[in-house]
Amino acid sequence: MLRVSLAPIASLALLAATALAQAPPGSAGPRAPVAPLFASDEVLTFTIEAPLTTIFKDRGDERREQEAKVILPGSDGRNVTVGVDVRTRGKSRAARAICEFPPLRLDFDNAKHGTVFDRQNDLKLVTHCQDKRSEYDQYVLQEYLVYRMYGLLTEQSFKVRLARVTYIDTEGKRDAVTRHGFLIEPVEDMAERNGWQALELPAVPPQLVDPRSVALVALFQYLIGNPDWSLFTIEPDEKACCHNTVPIGAESGPIFSVAYDFDVSGIVNTRYADRLFAPETRDMGIRRVRERAYRGFCASASHLPELFALFNQKREAIYATYRTQPGLDPEVVKETVEYLDAFYDTINDPKKVERELSRKCVE
């Protein structure tokens, strides 16, 4: 039975709490509209022309932006070219042993130029990681669908936009390739869309966190079999809390946790996931990420029945995201449906809920 002490979390949270203004809990403000870039599910097609050879060499702590172009069809049928600065991003996927083609950050100028990138600034682009392995293009589609599934369960989630991207190396050292990728909504936009602000804290005080939000994140991570996240504490190499979750809300509370970055989850099942997280999975009592380990907090367990009902209500819509996704391999669909079936079999069986969730909650 996995029981984790909250003593280190509590001490960090105390430090964070003393830094917060002593004010009554906040309330949601006006909700910002969804940016046009993320208001459509239509696959976006564009080309990036950039010095990719130079960009891909730069994977250290201080990564420099390089001038590039994004080219996409205009409304009049002619191509529109938008200036952009590009650099690599990420941690695990920035490692050459993991991704020969790393994820990118696109820094636009926040101006209007008559495209869906109007008023955009800093965008994360999830790329296909490897040019010569077809399953990596499938991984992009699978992780994209995890974000879509999360969005079916809560608006406090990142919107994503699937794309077909052609990459042209202006230095002429790499062959041009066209692959799937997807763009992720900036955290500030996601927070404002929910009427809150994005927070940067050294740690999230547990007493200020919305308990239902905590329970939903934990149950969702259990659904997708993701071991790679934390809710309250800062990672050693991070500037702010947390690991693969971000806090939004008000500094005086409530604070809501929003999950992101799902490539090492069991539902995606990348070939590098087990290699990256073997020590962590062993500590969780599982042998590989394809197995599930519940990491929810016992204090938020009272919200589980309500969340079971929500997940059941969204079940068919969740399955439909996979069954209707163009380009997704039928075998991937079959394996994913079976993986989802196992989750639903658990949450709809009281004995399995007791064994797999209630007994393994974190104190």
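Identify all residues within the stretch 212-236 that are farther than 17 Å from GLY285 by Cβ and in contact with a Pro (Cβ under 9 Å, 6 or more places away or on another chain); write none if there are none.
Answer for the stretch 212-236, where residues must be farther than 17 Å from GLY285 by Cβ and in contact with a Pro (Cβ under 9 Å, 6 or more places away or on another chain): SER213, VAL214, LEU231, PHE232, THR233, ILE234.
Of everything in the stretch 26-77 that's surrounded by fewer than 13 Cβ atoms within 10 Å (Cβ to Cβ) and hydrophobic (A, V, I, L, M, F, W, C), which residue is nearest to PHE158 (Cα to Cα)?
Among residues in the stretch 26-77 that are surrounded by fewer than 13 Cβ atoms within 10 Å (Cβ to Cβ) and hydrophobic (A, V, I, L, M, F, W, C), the one nearest to PHE158 (Cα to Cα) is ALA39.
What are the residues in the stretch 195-210 that are free of Cβ contacts under 8 Å to residues at least 60 places away in the same chain and touching a strand residue (DSSP E or B) at 6+ places or on another chain (Cβ under 8 Å), if any? Walk me through how you get there before you give the answer.
Of the residues in the stretch 195-210, the ones free of Cβ contacts under 8 Å to residues at least 60 places away in the same chain are 197-200, 209-210.
Passing the criteria: GLN197, ALA198, LEU199, VAL209, ASP210.
To keep it simple, each residue is scored yes or no on (1) touching a residue at least 60 places away in the same chain (Cβ under 8 Å); (2) open to solvent by 40 Å² or more (accessible area, probe 1.4 Å).
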site: GLY114; (1), (2): no, yes
site: GLN138; (1), (2): yes, no
site: LEU141; (1), (2): yes, no
site: ARG148; (1), (2): yes, yes
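Of the residues GLN156, GLN120, GLN138, which single one is farther than 21 Å from ASN244 by Cα and at pLDDT 95 or above?
Result: GLN138 is the single residue among GLN156, GLN120, GLN138 that is farther than 21 Å from ASN244 by Cα and at pLDDT 95 or above.
Would you say VAL214 is in contact with a strand residue (DSSP E or B) (Cβ under 9 Å, 6 or more places away or on another chain), assigned to a loop (DSSP other than H, G, I, E, B) and either touching a residue at least 60 places away in the same chain (Cβ under 8 Å) or over 29 Å from VAL43 (Cα atoms) (or both)? It would help to see each step written out before you state the result.
Working: in contact with a strand residue (DSSP E or B) (Cβ under 9 Å, 6 or more places away or on another chain): yes; assigned to a loop (DSSP other than H, G, I, E, B): no; either touching a residue at least 60 places away in the same chain (Cβ under 8 Å) or over 29 Å from VAL43 (Cα atoms) (or both): yes.
Considered against the rule, which asks whether it is in contact with a strand residue (DSSP E or B) (Cβ under 9 Å, 6 or more places away or on another chain), assigned to a loop (DSSP other than H, G, I, E, B) and either touching a residue at least 60 places away in the same chain (Cβ under 8 Å) or over 29 Å from VAL43 (Cα atoms) (or both), VAL214 comes out as no.
Of the conditions (1) within 19 Å of ASN348 (Cβ to Cβ); (2) at pLDDT 95 or above; (3) among the hydrophobic types (A, V, I, L, M, F, W, C), ALA301 satisfies every one except a single condition; which number is it?
Unmet condition: (2).
So if I check each of GLY327, GLY296, GLY285, which one is within 12 Å of LEU219 (Cα to Cα) and among the small types (Gly, Ala, Ser)?
Within the list GLY327, GLY296, GLY285, the selection yields GLY296.
This table checks each residue for (1) in contact with a Phe, Trp or Tyr (Cβ under 9 Å, 6 or more places away or on another chain); (2) without any contact (Cβ under 8 Å) to a residue 40 or more places away in the chain.
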position	(1), (2)
TYR294	yes, no
PRO305	no, yes
ALA309	no, yes
ASN312	yes, yes
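Could you say whether any residue in the stretch 218-225 is within 30 Å of PHE117 (Cβ to Cβ), open to solvent by less than 10 Å² (accessible area, probe 1.4 Å) and aliphatic (A, V, I, L, M)?
Yes: the stretch 218-225 contains one or more residues that are within 30 Å of PHE117 (Cβ to Cβ), open to solvent by less than 10 Å² (accessible area, probe 1.4 Å) and aliphatic (A, V, I, L, M).
Going through TYR167, TYR139, TYR150, TYR144 one at a time, which residue ends up being assigned to a helix (DSSP H, G or I), hydroxyl-bearing (Ser, Thr, Tyr) and touching a helix residue (DSSP H, G or I) at 6+ places or on another chain (Cβ under 7 Å)?
Within the list TYR167, TYR139, TYR150, TYR144, the selection yields TYR150.
Please verify whether PHE256 is touching a residue at least 40 places away in the same chain (Cβ under 8 Å), aromatic (Phe, Trp, Tyr), open to solvent by 10 Å² or more (accessible area, probe 1.4 Å) and closer than 19 Å to ARG212 by Cβ, treating the condition exactly as stated.
In short, yes.
Being free of Cβ contacts under 8 Å to residues at least 24 places away in the same chain and within 19 Å of VAL84 (Cβ to Cβ) is the filter here, so list the residues in the stretch 155-194 that pass it.
Result: ALA176, THR178, GLU188.
Could you please find all residues in the stretch 238-260 being within 26 Å of THR154 (Cα to Cα) and part of a loop (DSSP other than H, G, I, E, B)?
Within the stretch 238-260, ALA240, CYS241, CYS242, HIS243, ASN244, ALA250, GLU251, SER252, GLY253, PRO254, TYR260 meet the criteria.
Going by the conditions given, is VAL289 at pLDDT below 90, within 22 Å of ARG148 (Cα to Cα) and in contact with a Gly (Cβ under 9 Å, 6 or more places away or on another chain)?
Against the criterion (at pLDDT below 90, within 22 Å of ARG148 (Cα to Cα) and in contact with a Gly (Cβ under 9 Å, 6 or more places away or on another chain)), VAL289 qualifies.
The values are calculated or read from the model by the stated rules, or taken from the named source; none is laboratory data. Everything numeric here is computed off the predicted structure, so don't read it as measured data. Because the Cβ atoms are built from the backbone with ideal geometry, glycine has one as well, and the counts that use them run over all protein chains shown. Just the protein is used for accessible areas: all its heavy atoms, side chains included, with ligands, DNA and RNA removed. Shrake-Rupley method; radii C 1.70, N 1.55, O 1.52, S 1.80 Å.
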